1. Taking only the alpha carbons of segment 175-245, what extent do you get along each of the three principal axes, in Å, biggest first?
2. Sort 192-199, 222-229, 104-111 by the packing proxy (mean of other Cβ within 10 Å over each peptide's residues), most packed first.
3. To the nearest 20 debye, what is the magnitude of the charge dipole of segment 56-163 about its Cα centre, counting +1 on the Cβ of each Lys and Arg and -1 on the Cβ of each Asp and Glu?
4. Using the Cα centre of segment 175-245 as origin and beta-carbon charges of +1 (Lys, Arg) and -1 (Asp, Glu), tell me which of Gly208, Ala230, Phe182 is placed farthest towards the positive end of the dipole.
5. How high is the relative contact order of segment 134-246, in percent, counting Cα pairs under 8 Å that sit 6 or more residues apart?
6. Name the residues whose placed amide hydrogens come within less than 5 Å of the amide hydrogen of Trp74, ignoring near sequence neighbours (fewer than 5 apart) on the same chain.
7. Let's test this: bin the Cα-Cα distances of segment 166-207 at 5 Å from zero up to the farthest pair and state each bin's percent.
8. Only bridges whose two residues both fall in segment 56-163 count here: according to DSSP, what percent of them are antiparallel, nearest 5?
Amino acid sequence: MRTRMKTYNHRGNREVTAVCAYEIRKCILRCAIALAVSVALTACATTTNRPPPAPVVQIPGRARPKPQYGVASWYGPGFNGHRTSTGEIYNENDLTAASMVYPLGSRVMVTNLDTDRSVQVVINDHGPLKKGRKIDLSHKAAQMIGMLEEGTAHVRIELVSAPANSRAVGTQPRFFVQVGSFNSSDRAHQLRDQLRRYYDDVRIEAVGIGSNRYYRVRMGPFETRAAAEARANQAAKIGYPLIVSD
């Protein structure tokens, strides 16, 4: 009897173990499915529509303004990781530049007249800080045209593309406060009418990007960024995210 009992218990333990393993696998599978559904729902819930970027217009060769000539410098140490005038985070390893000559979002070709090496960069910041200079290049851009050691170089700057409806090259920047961007004209007009209770310089700018059309509600223009930021602070009470741009 003792031997049979032991045999019976041994088999019973194996059966119980098999059942437990099966139940554990079912539980793990249910948890995995629940987690996948939770992640999917969270992703859907947190996805928001960001304001579309300004459309870029390629400038035909004959229509391009005359090249600009002047001194270029470069910046990186002390600025890396800081926010630029476009709201982007400055990365010294990106091909970007700062300039007051070209509107933000422009793409320009910069040629070092001493080395005859060129690099194409996007203007995403205002600068340079020192007078008498045309453009401040990122560390990477300066490296590509061979001006890191010298620190400055005489360059030729040619416009490749620019945002639609941007200011003319060489003119002073004009700043705007963007309050909203919608794919519905009715919503844009509703917001404009609300803002016009307080300000008389509110306008709607229609922008086509591919097959889509967006309606931007903006205030301005302002002569200085400080004036635009002051307006943005005043209008923040309305509850819309505000963007200062040129």
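Nothing in this text is a laboratory measurement; each read-out follows from the coordinates by a stated rule. What you see is a predicted model, and the numbers here were worked out from it, not measured in a lab. Reconstructed Cβ throughout: ideal geometry from the backbone, glycine too, with neighbour counts over all protein chains shown.
1. For segment 175-245, the Cα extents along the three principal axes come out at 36, 22, 19 Å.
2. Details: 192-199: 14.0, 222-229: 15.6, 104-111: 21.6.
Listed from highest to lowest mean packing, they are 104-111, 222-229, 192-199.
3. Values: 12 positive and 10 negative charges, 92 e Å.
With Lys and Arg at +1 and Asp and Glu at -1, about 440 debye.
4. The residue sitting most towards the positive pole is Phe182.
5. Values: 132 pairs, mean separation 33.7, N = 113.
Across segment 134-246, relative contact order equals 30 percent.
6. Leu137
7. 5, 20, 26, 18, 15, 9, 6, 1
8. Numbers: 24 of 32 bridges.
Of all bridge pairs located within segment 56-163, approximately 75 percent are antiparallel.
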